[in-house]
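Encoded as structure tokens, the structure appears first; notes follow it.
Bear in mind that the values in this text are calculations on the coordinates, not laboratory data. None of the values given here were measured: they were computed from a predicted structure. Every residue, glycine as well, gets a Cβ built from its backbone with ideal geometry; the counts of neighbours run over all protein chains shown.
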Amino acid sequence: NPERHAWQKPEEIVAAMQIEPGASVADLGTGTGYMLPWLARAVGEEGRVLALDVEESMVSYVTARVEKEALAGVEVKLVQPSDPGLTAGSLQAIMTLNTWHHISDREAYAKKIAAGLEPGGRFVIVDFLKDAEIEGPPMEMRLTAEEVVAELEAGGFSSVEIVEETLEKHYIVRGIR
């Protein structure tokens, strides 16, 4: 959608991740790789971005996109629905956009995310507002920001907050390991 940038506000998502140049970060549920150009710019030439997805077709698509757009430092990986496949303590930040509501057993999954972060690492979840009449997943799949906060707290994050933002269709929750 060519209008997506206006309402998705990728710069705001990157700001919520608090990324420094040289960081190692992940885009969990990368899909078409929408966030990858912004993440690659944020980490810079010395940084690394993992683009993770459970769909082989998305991994193939994003691999071709990374090559076509010459996104340096981006590695695309196929992961299992129940495991993000992260090396312990290897990342400073992880984000997921429009994906968290698809994950089953989110508390256990949050523990795996936390394990992949270094101490103080951030996990940023951007997902659809629960009760808004907007295009997106069915209402019964959507979660409130408060539900996501509770899931991350149960998953072992030491600090979880709803981030102040200006997104029209989403909320942002940030958990800190």
How much net charge surrounds I134 when only other residues with a Cβ under 11 Å from its Cβ are counted (Lys, Arg +1; Asp, Glu -1)?
-1
Which order do the peptides 131-139, 95-103, 24-32 take when ranked by the mean count of other beta-carbon atoms within 10 Å per residue, highest first?
24-32, 95-103, 131-139
Counting each DSSP H run of 4 or more residues in the chain as -39500 (n - 2.57), what helix-only mean residue ellipticity at 222 nm follows after dividing by all residues, to the nearest 500 deg cm²/dmol?
-9000 deg cm²/dmol
Could you point to the residue in L39, F123, A23 farthest towards the positive end of the range 1-141's charge dipole, with +1 and -1 charges on the Cβ of Lys/Arg and Asp/Glu respectively?
A23
Overall form of the range 61-105 per C-alpha gyration tensor (a/c, 1.5; a/b vs b/c)
prolate
Among all the lysines, which ones have a C-alpha under 30 Å from K112's C-alpha, if same-chain residues fewer than 8 places away are not counted?
K9, K77, K130, K169
The alpha-carbon center of the range 123-146 and that of the range 5-35 are separated, in whole Å, by 18
Given an 8 Å cut-off on Cα distances and at least 6 residues of separation, report the relative contact order of the range 1-151 as a percent.
22
Which shape class applies to the range 1-73: rounded if a/c is under 1.5, otherwise prolate when a/b exceeds b/c and oblate if not, where a ≥ b ≥ c are the square roots of the Cα gyration tensor eigenvalues?
oblate
Taking the Cβ of A16 as the center, what net charge do the other residues with Cβ under 11 Å away carry, scoring Lys and Arg +1 and Asp and Glu -1?
-2
